[in-house]
1. So, in the stretch 64-81, how many residues would count as being within 16 Å of the chain's Cα centre (by Cα) and under 18 Å from residue 22 (Cα atoms)?
2. Does residue 67 satisfy the condition of being at negative phi, surrounded by 12 or more Cβ atoms within 10 Å (Cβ to Cβ), touching a strand residue (DSSP E or B) at 6+ places or on another chain (Cβ under 7 Å) and modelled with pLDDT of 95 or more?
3. Scanning the stretch 4-51 for residues that are on the phi > 0 side of the Ramachandran plot and out of contact with any strand residue (DSSP E or B) (no Cβ under 8 Å at 6 or more places or on another chain), which turns out surrounded by the most Cβ atoms within 10 Å (Cβ to Cβ)?
Ligand code: AMP
């Protein structure tokens, strides 16, 4: 299984990623987790990324694509992979496609904006302060949300390489969403 989890920040991608990863025995590739690890380790990349992340902005496509390129070389990716929080922009999606990274499915977890603000404001990460949350949502709408159309249109095309597109609601209990997510991937 090779898939992308798509959806706004706070939709529950990380939570569902853990279930999907276990079910299919594949690595979860979270660019957010990779960046937070770099911040914690205090690497030059981490120091630069922290400023951008705390402002609710996106780290540059070049940096992200470099991280992904290296990660996909690891042997555990031969079994499949789950991208969580990547791609986040059309250029990132196009780079993935140009590199012929195979995808079986794009799974969208859909949650309305007001619910996202409510959830994120109570989460307590450094980039979850209310102003940053609103900025991240704005960035999501402008830069990441277009991927819904991008992958939806690709799935509807005749291209045999196109991943299928599935959408589930991110409302309900964790167990309910898990059941919907696994059913969508079956
Ligand atoms: P996340 O944990 O996925 O919500 O990511 C936290 C923050 O890391 C985001 O708000 C961005 O600043 C940065 N980030 C994570 N993934 C990406 C990506 N694919 N492209 C650009 N920035 C990213």
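The values are calculated or read from the model by the stated rules, or taken from the named source; none is laboratory data. If you're wondering where the values come from, they're calculated on a predicted model, not measured in any experiment. Backbone-built Cβ (ideal geometry, glycine too); neighbour counts: all protein chains shown.
1. 2
2. Values: at negative phi: yes; surrounded by 12 or more Cβ atoms within 10 Å (Cβ to Cβ): yes; touching a strand residue (DSSP E or B) at 6+ places or on another chain (Cβ under 7 Å): no; modelled with pLDDT of 95 or more: yes.
Judged against the criteria, residue 67 is not a match.
3. Going residue by residue through the stretch 4-51, those that are on the phi > 0 side of the Ramachandran plot are 7, 10, 12, 25, 42.
From what is left, the residues that are out of contact with any strand residue (DSSP E or B) (no Cβ under 8 Å at 6 or more places or on another chain) are 10, 25, 42.
On the way: 10: 24, 25: 10, 42: 10.
The selected residue is 10.
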